[in-house]
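Beneath this line is the structure, given in structure tokens, with notes to follow.
The values are calculated or read from the model by the stated rules, or taken from the named source; none is laboratory data. Since we're looking at a predicted model, the values are computed, not measured. Neighbour counts run over all protein chains shown; Cβ positions are idealised from the backbone, glycine included. Surface accessibility is based on the protein's heavy atoms, side chains included, excluding ligands, DNA and RNA. Shrake-Rupley method; radii C 1.70, N 1.55, O 1.52, S 1.80 Å.
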Amino acid sequence: MATSTVSSVPLSLNDRLTAGILALLIGGFLVFGAGLANSAVLHDTAHDVRHSYGFPCH
Amino acid sequence: MIVKTLLAAVVAGLIAGVFMTAAQEARVVPLILHAEEYEGKEPAATVPGTETPAKEGETHNHSSLNAPSFPTDILAALSPVTPAYAHEGEHEEGGIMFGMSRFSGTLLANLVAGAGFGLLLAGVSVLIGHPVTLSNGALWGAFGWLAVHLLPAIGLPPELPGFPAADLGDRQTWWVATILLSSAGLYLVALRPEIAAKIIGLVLIAAPHLYGAPQPTDIASSVPAVLGAEFAVAALATTLAFWLVLGVVSGFINDRFARAA
């Protein structure tokens, strides 16, 4: 009984803020690395992906 | 709780990334390879006397990301080195990391980008308090595609290698700004009930297009226009499929695992 009530509790506002901001930061970092980073090695590795996603490239 | 939310987003992104790799290999990558055969060649119909061939080559370099464009453009225009030679030289500096093949590089980048977009989607949905579920996942995906791909593509359509383009930094700035404004605008239009919010949302969506995307000064290109048209449609179609998969899989995982805990 106790476990089932815990499982239906939605994320608290604090948890939501932390999770959301963490997700945005990590996600932004990953997308930046794959799509926008100004590095020749990253660019050449992700070249076809950058073009396919329509990231500004070259 | 927090870790589960993040993990769910990453897993959904990885799945969508694998799917995206398959979709790209089917349609988009062949077009890129085809266009690269023309890249660096002189445009068939150059306007006489406006651009030097050397500059043409420099702006289309693969690894010209490093180079600040303005002084190097002038140097390249004065340089005796031919565009083709400069292109080869630049390529040797970069190269695909860990000596992977082109395909594994694409797969890796798709996984990273997929996880990144998955996290961004989860972050936005958690922050505005509209969780991604199986039933609204496709809608979330469609809105992600609108904000990240279709709306920016109005100003900066997906380009093939060898296409003329404005300064990279300007385009990246405009692109990122457009995505942020479009996302905020779509949120105001779709999820806020107030009429004023919807109007402000439309203004935000329109603003970057009224400002105008950075455009190249010379639009001559040796890559056939038909390839460009096919590529733009293929790129937008595959990214739409990617976002739909990402949204639906995120919703499924959220329903099944993340929110149940």
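So, with a 1.4 angstrom probe, what is the percent of accessible area on the range B:221-261 that is carbon and sulfur?
After summing per-atom areas, the C and S share lands at 74 percent.
Expected output is a single nm value to one decimal: the length gained when fully extending between B:Ala196 and B:His34, i.e. 0.36 nm times separation in residues minus the C-alpha distance. What is it?
Additional length available on full extension: 53.5 nm.
Multiply the residue separation of B:Leu180 and B:Thr217 by 0.36 nm, subtract the distance between their alpha-carbon atoms, and state the gained length in nm to one decimal.
Additional length available on full extension: 10.7 nm.
Placing +1 at every Lys and Arg Cβ and -1 at every Asp and Glu Cβ, with all other atoms neutral, what dipole size does the range B:125-261 have around its Cα centre, in debye to the nearest 20?
Values: 5 positive and 7 negative charges, 110 e Å.
Result for the range B:125-261 is approximately 520 debye, rounded to the nearest 20.
Could you check the spin-label model distance between B:His209 and B:Asp167? Points 7 Å from the Cα along Cα→Cβ, value in nm.
A separation of 2.6 nm, rounded to one decimal place.
Averaged over B:102-110, how many beta carbons belonging to a partner chain fall within 10 Å of each residue's beta carbon?
What the average comes to for B:102-110 is 5.
Relative to a virtual label point 7 Å from the Cα of B:Leu139 in the Cα→beta-carbon direction, which members of the range B:172-192 show backbone nitrogen distances below 15 Å?
B:186-192
How big is the range B:202-255 in terms of Cα radius of gyration and Dmax, in angstroms?
Cα-based Rg and Dmax for the range B:202-255 come out at 17.2, 51 Å.
Rounded, prolate or oblate, given the Cα gyration tensor of the range B:128-244, with a/c below 1.5 counting as rounded?
oblate
Tell me the accessible surface of B:Met1 in square angstrom (1.4 angstrom probe, heavy atoms of protein chains only), to the nearest ten.
100
For A:Phe32 and B:Ile128, what is the calculated FRET efficiency with R₀ set at 22 Å and r taken between the beta-carbons, to the nearest 0.05?
Computed FRET efficiency for A:Phe32 and B:Ile128 comes out at 0.50.
What average count of beta carbons from other chains do you get within 10 Å of the Cβ of residues in B:157-170?
3
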